[in-house]
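Novice: Following this message is one structure expressed as structure tokens.
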Amino acid sequence: MGIERLERMGWKNKIFDFLNAVFLLLLMLTMIVPFINVIALAFSSGMASMQPDIILFPKDFSTEGFTTVWKSLNLWRPFMNSVIVTVTGTFFHVLLTSLAGFVLIQPHLPGKKIIISFILLTMMIPQDAIMIPLYLVNKDLHLINTLSSLVLSGMVSGFSILLMRNYFLGVPYEMSESAQIDGAGMFRIFATMYIRVAKSGLATITLFEFVSRWNMLTAPVLFINDSSKITLQVALKSMITEASATSSNFLVTTNVRMAGILISIIPLIAIYPFVQKYFMKGLMLGANKE
């Protein structure tokens with residue numbers, strides 16, 4: 001009886017694994033097929049891309065969509081604006097949140113529990129609720145229509161601070177005390193000791209922040225009115241929703257729109273291989289530490 005029961009359980013597990021694999025395969029197809037369709041349309045000719053079909057291979061292979069979107073629609077300027085905002089903003093975000101996390105592990109920090117509670121509180125406030133105050137602050141600081149307003153927007157986040165704090169808690173504080181006795185300053189301890197053991201955490205918040213800033217849409221729409229300072233996502237939104245280009249008399253065909261979308265994805269694909277080996281480790285370990 002025991003052997004028969006084990007055999008039945010084995011078949012049930014196999015059936016479950018099969019159904020689970022089929023479900024995951026179908027779920028994967030819902031994400032991969034649209035992306036393949038975008039690539040196929042981007043490398044198709046203008047007339048072929050206008051056909052109302054889902055295609056998985058380019059029709060009348062052509063790169064005119066990339067040429068048009070880069071030169072005729074001047075997408076290079078919003079692209080460079082996004083690069084500046086994303087790289088600069090991500091650098092300062094990682095630096096400041098790491099420093100804040102390091103400060104929060106100090107055992108003699110006064111009001112530490114109150115500070116952590118306040119950080120948690122900021123994570124509960126929806127971004128839409130503070131849009132008007134943010135606009136007024138940037139207006140009073142004369143940052144409207146400047147890339148600085150986008151760099152400063154979301155400069156720190158409670159999630160990143162607490163994630164780095166959890167990482168730094170994994171380093172025995174006695175090591176820091178020993179380094180202080182040897183004459184090392186706090187910043188040197190932070191840069192040479194804590195940062196080295198928190199590479200996974202740094203990779204995690206770097207990837208999160210890079211993706212968030214690259215895809216940022218609300219802040220550019222709110223703070224930027226000058227067409228020469230718009231970011232890539234705003235330019236793509238205008239290009240996709242408008243029937244024709246505002247600066248010329250030609251029709252913005254589907255292959256041009258898909259080429260613009262593909263260009264916007266390339267930086268995200270480029271950065272992921274450099275951080276992926278740290279990413280999952282950083283996300284899981286940072287979440288589990290106390």
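The values are calculated or read from the model by the stated rules, or taken from the named source; none is laboratory data. Owing to the predicted nature of the structure, the values given are computational and were not obtained by experimental measurement. Here the Cβ is made from the backbone with ideal geometry for all residues, glycine too, and neighbour counts use every protein chain on show. Heavy atoms of the whole protein, side chains included, go into the accessibility calculation; ligands, DNA and RNA do not. Shrake-Rupley method; radii C 1.70, N 1.55, O 1.52, S 1.80 Å.
Novice: Under 10 Å, Cα contacts only: if you run a Gaussian network model on the chain, which one of ASN255, ASN81, ASN20 comes out with the highest mean-square fluctuation?
Specialist: ASN20
Novice: To the nearest 10 square angstrom, how much accessible area does ILE181 have with a 1.4 angstrom probe?
Specialist: Spelled out: ILE181, probe radius 1.4 Å, area about 140 Å².
Novice: In nm, what is the difference between 0.36 nm times the number of residues separating ILE36 and SER227 and their Cα-Cα distance? Walk me through the numbers on the way to the answer.
Specialist: Values: separation 191, 0.36 × 191 = 68.76 nm, distance 3.13 nm.
Going from the current span to full extension adds 65.6 nm.
Novice: Of SER178, LEU147, SER160, which is farthest towards the positive pole of segment 64-288's charge dipole, taken about the Cα centre with +1 and -1 on the beta-carbons of Lys, Arg and Asp, Glu respectively?
Specialist: SER178
Novice: Which distance in Å, rounded to a whole number, links the C-alpha centroids of segment 208-234 and segment 26-100?
Specialist: 15
Novice: Oh, and also: Mind pulling the per residue volume of the convex hull built on the Cα atoms of the chain? Å³ is fine. Provide the component values of the computation, followed by the final result.
Specialist: Values: hull volume 63.6 nm³, N = 290.
Dividing the Cα hull volume of the chain by its residues yields 219 Å³.
Novice: What is the count of Lys pairs in the chain whose alpha carbons sit under 24 Å apart, if the two are 8 or more places apart or on different chains?
Specialist: Taking the Cα cut-off of 24 Å, the pair count is 12.
Novice: Ignoring ligands, DNA and RNA, what percent of the 1.4 Å accessible area of the chain is carbon and sulfur?
Specialist: 68
Novice: Moving to a separate point now. Largest first, what is the accessible-area ranking of ILE195, ILE55 with a 1.4 Å probe?
Specialist: Ranking ILE195, ILE55 by accessible area, largest first, yields ILE195, ILE55.
Novice: Ok, one more. What number comes out for accessible area per residue over the chain if the probe is 1.4 Å? Units Å², please.
Specialist: Details: 17620 Å² over 290 residues.
For the chain, the per-residue accessible area is 61 Å².
Novice: Mean Kyte-Doolittle hydropathy of 0.5 or higher plus an axial Cα length of 27 Å or more: which whole DSSP H helices in the chain meet both?
Specialist: For the chain, where a helix must reach 27 Å along its axis and average at least 0.5, the hits are 2-42, 76-103, 254-288.
Novice: For GLN106 and ILE130, what does the FRET efficiency come to when R0 = 22 Å and r is the distance between their Cβ atoms, rounded to the nearest 0.05? Each step should come with its number before you reach the end.
Specialist: Working: r = 29 Å, r/R0 = 1.33.
The formula returns an efficiency of 0.15 here.
Novice: How about segment 46-107: which chymotrypsin sites (Phe, Trp or Tyr not before Pro) there lie in a loop by DSSP and see at most 16 other Cβ atoms within 10 Å?
Specialist: In loop regions of segment 46-107 (DSSP not H, G, I, E or B), the sparsely surrounded chymotrypsin sites (Phe, Trp or Tyr not before Pro) are PHE61.
Novice: Separate question: As a test of reading the structure, rank VAL83, VAL197 by solvent-accessible area (1.4 Å probe, protein chains only), most first.
Specialist: VAL197, VAL83
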